[in-house]
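What follows is one structure encoded as structure tokens, with my remarks underneath.
The values are calculated or read from the model by the stated rules, or taken from the named source; none is laboratory data. Quick caveat: nothing in here was measured; it's all calculated off a predicted structure. Please note: Cβ atoms are built from the backbone with ideal geometry, for glycine as well, and neighbour counts cover all protein chains shown.
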Amino acid sequence: MEIASPTGGVSEYTIPVELDPASVALVIVDMQYASACRETGFGRWLASEGRAAEGAYRFDRIEQLLVPNIGRLLAFFRAHDLQRIFVRLGAQLRDCRDLLPHIRELEATFGNVLGEREFEILDELKPEQGEAVVTKLSASAFSSSNIDALLRNLGVRSLVFTGVSTSQCVDLTARDAADRGYGCVIVADAVAEDREDYHESTLDQFQRLFGRVATTAEVIAELTGSLTPTAARTG
């Protein structure tokens, strides 16, 4: 399954975003059993309501594109010891009162609570020991977690965003990052949404001002070029 690149081109209002291996981080947003698995959390709830078909685009894309492509990026960042940040949304209190009111009932319905399977990141993308995991209580990680302090402590200046959902937690976190001065890239074939029109519209609007949209292959090629000595590249 192939997804076409977003249309519309790069806006004249967007500053260039270059990825430097010394200061880049891969950000994996909400790839949890609550929101990124057909059989648990959101997927299970849709099925119980007789609405499984509404999740087909989302979960097909996650299974066929996101898990493989995020896996490729994660393997590349690990192989070259580049920064990796996992972001997850979830409650620590059983009744989810620690979450913001507008998402409280939703996450409680999905069972997205510490100690439950839904709270965990998919096994295929599971963080390794020593990799940073940030827990947020709202859609944007910058609104309700320590991610900004963490990134600045690590010397990170540019961010490569992947995960779910394109128009919600990914977009909000990436826009907030841009507003704090980070160079931001959303990986078009490593983010997912409930509907294709939501996905494409979000990417088109994001690259008008907030950052760049690229593919998995383009991100890996750009970083590989920066890691490879000039002589080897021209050689």
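Taking only pairs six or more apart or across chains, which ones have beta-carbon atoms under 6 Å, a first residue in the stretch 55-78 that is over 19 Å from Glu196 (Cα atoms), and a second residue that is of a type in the set (Lys, Arg)?
Phe77/Arg84
Name the residue that is surrounded by the most Cβ atoms within 10 Å (Cβ to Cβ), counting only residues in the stretch 26-51 that are part of a loop (DSSP other than H, G, I, E, B) and in contact (Cβ under 8 Å) with a residue 40 or more places away in the chain.
Among those that are part of a loop (DSSP other than H, G, I, E, B) and in contact (Cβ under 8 Å) with a residue 40 or more places away in the chain, it is Ala34.
Please find, among Gly130, Gly181, the residue that is farther than 20 Å from Phe206 by Cα, of a type in the set (Gly, Ala, Ser) and in a loop (DSSP other than H, G, I, E, B).
Unique residue meeting the criteria: Gly130.
Condition first: out of contact with any strand residue (DSSP E or B) (no Cβ under 9 Å at 6 or more places or on another chain) and either modelled with pLDDT under 95 or in a helix (DSSP H, G or I) (or both). Now tell me which residues in the stretch 133-166 satisfy that.
Selection gives Asp148, Ala149, Arg152, Asn153.
What tally of residues in the stretch 44-70 results from selecting those that are within 26 Å of Thr215 (Cα to Cα) and touching a Gly at 6+ places or on another chain (Cβ under 9 Å)?
Count: 5.
Anything in the stretch 148-163 that is of a type outside the set (Asp, Glu) and touching a helix residue (DSSP H, G or I) at 6+ places or on another chain (Cβ under 7 Å)? List them, or say none.
Leu159, Val160, Phe161, Thr162, Gly163
Quick one: which residue in Arg212, Arg208, Arg175, Arg195 is touching a Cys at 6+ places or on another chain (Cβ under 9 Å), more than 20 Å from Ala22 (Cβ to Cβ) and among the charged types (D, E, K, R)?
Arg175
For the stretch 106-157: of the residues being in contact with a Cys (Cβ under 6 Å, 6 or more places away or on another chain) and farther than 12 Å from Arg88 by Cβ, which is surrounded by the most Cβ atoms within 10 Å (Cβ to Cβ)?
Ranking the qualifying residues of the stretch 106-157, first place goes to Ala139.
Could you figure out which of (1) outside any loop (DSSP other than H, G, I, E, B); (2) in contact with a helix residue (DSSP H, G or I) (Cβ under 9 Å, 6 or more places away or on another chain); (3) buried (at least 16 other Cβ atoms within 10 Å of the Cβ) isn't true of Ile103?
All conditions pass for Ile103, except number (2).
Just to be sure I understand the filter: pairs with C-beta atoms under 9 Å, separated by 6 or more residues or on different chains, first member in the stretch 181-192 and at negative phi, second member surrounded by 24 or more Cβ atoms within 10 Å (Cβ to Cβ) and among the charged types (D, E, K, R). Which pairs pass?
Ile186/Asp171; Val191/Asp171; Ala192/Arg58
Could you please find all residues in the stretch 63-90 being β-branched (Val, Ile, Thr) and either surrounded by fewer than 19 Cβ atoms within 10 Å (Cβ to Cβ) or part of a helix (DSSP H, G or I) (or both)?
Val67, Ile70
Limited to the stretch 96-110, what total is found for residues that are of a type in the set (Lys, Arg) and either modelled with pLDDT under 90 or at positive phi (or both)?
Total satisfying the criteria: 0.
Considering only the stretch 113-127, how many residues are assigned to a loop (DSSP other than H, G, I, E, B) and either among the charged types (D, E, K, R) or more than 27 Å from Glu39 (Cα to Cα) (or both)?
Matching residues across the stretch 113-127 total 3.
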